[in-house]
Amino acid sequence: MDVTRRQFLGSSAAAVIAAGGITRGKVFGANDKIRVACVGIHGQGKTHIEQFIKAGAEVVALCDVDRTVLESRAAKVKADTGKKPKLYTDVRDLVENDGIDVVSTATPNHWHSLVTILACQAGKDVYVEKPISHNIWEGRQVVAAAQKYGRVVQHGTQNRSNAKWMRAIQRMREGVIGDIFMARALCYKRRDAIEPIEPPKPKRFNWNLWQGPAQEREFRPIYVHYNWHWFWEWGNGDLGNQGVHQMDCVVWGMNKGLPVKVYSTGGRYGYKDEGETANTQVCTYTYADGTVTVFEVRGRGTNDEAGTKVGNLFYGSKGYFSEADGKLKFYDLEGKEIPDTTTEMPATDGAYGNFLKAVRSRKPEDIPAPALAGHLAAAHCHLGNTSYRLGRSLQFDPEKEMFVGDDEANQMLKRNYRKEFEVPQLA
């Protein structure tokens with residue numbers, strides 16, 4: 001079974017145009033700079049700044065709850081471009097600036113959907129870091145926001161702009177390895193124990209804004225700036241961190257939409273610390289036609305598989321596919337490589353260049369990783385984590401995006417939002 005009718009309509013150009021599409025937007029002349037605001041700039045946000053400048057955009061504003069980081073990044077932008085960007089600590093103020101065309105966000109996961117929707121509502125296009133959502137419900141709201149407000153929304157799963165991956169997916173569609181019946185995804189990244197540290201709270205860090213939509217907790221230095229990934233209130237474990245890249249390749253290659261059944265098991269092994277998410281996890285997803293995906297997280301010392309520790313494998317009726325060390329290869333049933341018959345690779349300007357191209361063109365087909373693709377990839381991660389946290393197999397309805405006959409699981413589709421940080425319901 002291919003994607004459901006609802007998912008197909010959500011991704012098709014016809015549906016986007018019917019909903020107002022991305023036809024609305026500023027018309028850029030050949031020499032017009034696209035003005036970008038980067039939100040959440042400590043880690044991956046630094047890359048956003050660098051890549052947008054490299055791609056020819058103008059970074060006109062920065063936003064971060066850590067004033068020290070904010071001023072440091074602003075000084076670097078000025079040194080590189082000669083212009084100092086406008087600075088914000090609250091994204092809700094930033095989106096009111098009419099001098100901004102694009103908002104990019106690399107905040108912690110629990111802010112991704114809200115930043116995206118606020119920017120869409122304010123008439124800005126959005127580049128949102130992975131995962132597009134912290135839970136399944138809010139991911140669907142992002143898809144609805146892109147359609148309702150006619151915005152370009154691109155998910156930060158860069159493989160969709162990688163020429164090697166683009167060509168590999170073309171070959172899968174051409175049937176090089178026949179009918180694909182199984183995919184595997186690997187995320188073997190060593191993650192060590194979180195050591196407790198209790199220095200004073202940073203004086204220039206706004207903890208209330210950092211928490212945003214999440215329920216309030218007392219500040220602890222172990223949470224920032226990275227270990228929040230391993231706490232359910234803000235992160236999604238490595239399944240939703242590094243793993244969402246590989247999950248997106250699964251969604252892309254399998255082309256099945258969402259599964260009808262998921263089971264995940266695992267734990268936090270090899271040490272005792274305060275982290276909450278699994279460092280070792282196996283997820284099995286079954287689609288309506290019986291095909292399956294297996295995703296495995298190993299966060300301790302491990303061997304590689306098929307020459308890689310972070311990558312994808314696909315199995316078909318005529319052979320298999322393996323990604324190892326940046327090499328994407330197809331093999332027949334005897335293990336002999338199937339060479340590509342063409343040397344012509346798909347055209348791409350990279351993730352950031354492709355995004356800016358879509359902002360200019362307003363064409364849905366120019367978005368390599370649209371909101372719906374990001375939602376499907378992230379939703380797989382959330383499904384796996386829900387099964388893991390509940391400790392049981394779950395039936396899922398891809399059409400309704402709800403668990404079947406399981407009130408406890410359905411309560412985990414959405415979180416309780418703090419006042420003034422609510423994700424609006426649009427779908």
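Bear in mind these aren't lab numbers, they're just calculated from the coordinates by the rules spelled out. For clarity, every value in this text was computed on a predicted model and none was experimentally measured. Cβ placement follows ideal geometry from the backbone for every residue including glycine, while neighbour counts extend to all protein chains displayed.
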Given the Cα-Cα distance of Ala306 and Ala30 and 0.36 nm per residue of separation, how much length would full extension add, in nm? 94.8 nm
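From the P(r) of the chain, can you give the percent of Cα pairs sitting at distances over 43 Å? Show your work: numbers first, answer last.
Values: 8121 of 90951 pairs.
For the chain, the share of Cα pairs beyond 43 Å comes to 9 percent.
In µm²/s, what is D for region 220-357 at 37 °C and 0.692 mPa s, where D = kT/(6 pi eta Rh) by Stokes-Einstein and Rh is the Kirkwood radius from Cα pairs? Display every interim value, and only then the final one.
Values: Rh = 17.6 Å.
Taking Rh from Cα pairs, D becomes 186 µm²/s.
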Where GluC sites (Glu not before Pro) fall in DSSP loop in region 213-254, at most 12 other Cβ within 10 Å: Glu216, Glu218
Order these peptides, 36-42, 306-312, by their mean beta-carbon neighbour count within 10 angstrom, highest first. 36-42, 306-312
Along the three principal axes, how long is region 286-427 when you take its alpha carbons, biggest first, rounded to the nearest angstrom? 55, 44, 35
If the cut-off is a Cα-Cα distance under 27 Å, which lysines reach Lys272, setting aside same-chain residues fewer than 8 apart in sequence? Lys189, Lys201, Lys309
Only residues of region 60-96 count here: report those whose backbone N is under 14 Å from the spot 7 Å along Cα→Cβ of Glu50, or say none. 73, 76-77, 80
What is the antiparallel percent of DSSP beta bridges lying wholly in the chain, to the nearest 5? 60
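Give me the compactness ratio for region 146-286, meaning the Cα radius of gyration over 2.2 N^0.38 Å. Numbers along the way, then the final one.
Details: Rg = 19.1 Å, N = 141, 2.2 N^0.38 = 14.4 Å.
This ratio for region 146-286 stands at 1.32.
If you take the alpha carbon radius of gyration of region 62-162 and divide it by 2.2 N^0.38 Å, what ratio comes out, to two decimals?
On the way: Rg = 14.1 Å, N = 101, 2.2 N^0.38 = 12.7 Å.
For region 62-162, the normalised Cα radius of gyration is 1.11.
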Return the lysines within reach of Lys76: Cα separation strictly under 17 angstrom, same-chain partners fewer than 8 residues apart disregarded; answer none if there are no such residues. Lys46, Lys54, Lys84, Lys86
Separation between the Lys318 and Asn255 pseudo-spin-labels, each 7 Å from Cα along Cα→Cβ, expressed in nm? 1.4
If you keep only loop residues by DSSP, which chymotrypsin sites (Phe, Trp or Tyr not before Pro) in region 231-269 have at most 13 other Cβ atoms within 10 Å of their Cβ? Tyr269
Excluding residues on the same chain fewer than 8 positions from Lys148, give the lysines whose Cα lies under 20 Å from its Cα. Lys26, Lys124, Lys363, Lys400
In a Debye calculation with equal point scatterers on the alpha-carbon sites of region 22-72 and no solvent, what is log10 I(q)/I(0) at q = 0.13, 0.18, 0.23, 0.27 Å⁻¹? -0.37, -0.63, -0.86, -1.02
Order the peptides 270-280, 391-401, 146-156 from the highest to the lowest mean number of other Cβ atoms within 10 Å of their residues. 146-156, 270-280, 391-401
Note on region 273-322: contact order normalised by length, alpha-carbon pairs under 8 Å, 6 or more apart, percent, works out to 24
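Go through region 292-366 and name the GluC sites (Glu not before Pro) that are in a DSSP coil and have 12 or fewer other Cβ atoms within 10 Å of their Cβ.
Here the sparse-neighbourhood loop sites are Glu334, Glu344.
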